[in-house]
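S.K.: Below are the structure tokens for one structure; questions will follow.
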Amino acid sequence: MSREHEPGERVSRDRDPSGRPRNARPRDGLGRPLARDAGQQRDIGQQRDDAGQDRIPDDLVITGRDAAVLADRLLRDGRPFHAHEVLEAAWKTGPPGERDLWQGLAQIAVGLTHARRGNARGAVALLTRGAERVRGYHGGAGSQRAVGRMASPFGMNVDAFLAAADDLAARIERDGLDGIPPADLSPGLLAELRG
């Protein structure tokens, strides 16, 4: 049973049964931790306080195709932090040869998270770094021919996703985040939109 913590009291980290650190706090749609007692939505004026989003399990084991489908849905729903968690699970549990693909895609999702949180500098850095890592997986940084040869692993349209990340990073760097439509912060990952 949990108890109320005093202001300023240091709270020990949540841990799983084996003692590994885990954060059991609920998170908002952009992955920011909420108060430990944020279990229900509360009315705040005309808006609703986010009571937390479903968490991606820390021990998720997922196939490449399932990771691509779930991450695509989360990205399109404006939940890039959660997409990052799925992509991170694919990189940690997938074959070593796919590590750069999943890690780069996860970094792009983090870049989208930074953009949605209003952090232009972090968005540009992670969008760029992630795109470079994915390009490296496909045969060398900047190798458009190499990217084109493997443009659809697991049904993903890597070319379009990287183009969206590159374009968004350039626009944010040039103009800032003001005026970027929310739809531009929700690029799809799959080659075709599934209904």
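S.K.: Out of everything in the stretch 169-193 that is among the aliphatic types (A, V, I, L, M) and either in contact with a strand residue (DSSP E or B) (Cβ under 9 Å, 6 or more places away or on another chain) or assigned to a helix (DSSP H, G or I) (or both), what residue ends up being farthest from residue 159 (Cα to Cα)?
M.R.: First, pick out the residues of the stretch 169-193 that are among the aliphatic types (A, V, I, L, M): 169-170, 172, 177, 180, 183, 185, 189-191, 193.
Keeping just the survivors that are either in contact with a strand residue (DSSP E or B) (Cβ under 9 Å, 6 or more places away or on another chain) or assigned to a helix (DSSP H, G or I) (or both) gives 169-170, 172, 183, 185, 189-191.
Working: 169: 15, 170: 16, 172: 20, 183: 18, 185: 17, 189: 10, 190: 11, 191: 9 Å.
So the residue we want is 172.
S.K.: In this structure, does residue 80 turn out to be within 17 Å of residue 110 (Cβ to Cβ) and either modelled with pLDDT under 90 or not hydroxyl-bearing (Ser, Thr, Tyr) (or both)? Spell out how you get there, then give the answer.
M.R.: Values: within 17 Å of residue 110 (Cβ to Cβ): yes; either modelled with pLDDT under 90 or not hydroxyl-bearing (Ser, Thr, Tyr) (or both): yes.
Yes; evaluated as a whole, the condition is true for this residue.
S.K.: Please work out which residue is farthest from residue 72 (Cα to Cα), limiting yourself to the stretch 157-174 and to residues that are modelled with pLDDT of 95 or more and among the acidic types (Asp, Glu).
M.R.: My answer is 173.
S.K.: For the stretch 88-104, check the following and say yes or no: at least one residue is out of contact with any His (no Cβ under 8 Å at 6 or more places or on another chain), among the β-branched types (Val, Ile, Thr), modelled with pLDDT of 95 or more and part of a helix (DSSP H, G or I).
M.R.: No - not one qualifying residue is present in the stretch 88-104.
S.K.: Okay, moving on. Only one of (1) without any contact (Cβ under 8 Å) to a residue 12 or more places away in the chain; (2) among the charged types (D, E, K, R); (3) within 18 Å of residue 62 (Cβ to Cβ) fails for residue 100. Which number is that?
M.R.: (1)
S.K.: Kindly evaluate residue 150 against the criterion of being modelled with pLDDT under 90, of a type in the set (A, V, I, L, M, F, W, C) and in the same structural domain as residue 71 (by TED's automatic domain parsing). Lay out the reasoning, then the answer.
M.R.: Numbers: modelled with pLDDT under 90: yes; of a type in the set (A, V, I, L, M, F, W, C): yes; in the same structural domain as residue 71 (by TED's automatic domain parsing): yes.
In short, yes.
S.K.: Quick check on the stretch 106-113. Is at least one of its residues within 20 Å of residue 180 (Cβ to Cβ), touching a residue at least 60 places away in the same chain (Cβ under 8 Å) and either of a type outside the set (Ser, Thr, Tyr) or not assigned by TED's automatic domain parsing to the domain that holds residue 159 (or both)?
M.R.: Taking the stretch 106-113 as the starting set, the residues that turn out to be within 20 Å of residue 180 (Cβ to Cβ) are 107-113.
Now narrow it down to the ones that are touching a residue at least 60 places away in the same chain (Cβ under 8 Å): 112-113.
Those left that are additionally either of a type outside the set (Ser, Thr, Tyr) or not assigned by TED's automatic domain parsing to the domain that holds residue 159 (or both): 112.
Checked against the condition, which is being within 20 Å of residue 180 (Cβ to Cβ), touching a residue at least 60 places away in the same chain (Cβ under 8 Å) and either of a type outside the set (Ser, Thr, Tyr) or not assigned by TED's automatic domain parsing to the domain that holds residue 159 (or both), the stretch 106-113 yields at least one hit.
The values are calculated or read from the model by the stated rules, or taken from the named source; none is laboratory data. Bear in mind the structure is a predicted one, so any value in this text is a computation, not a measurement. All Cβ positions, glycine included, derive from the backbone under ideal geometry; neighbour counts span all protein chains shown.
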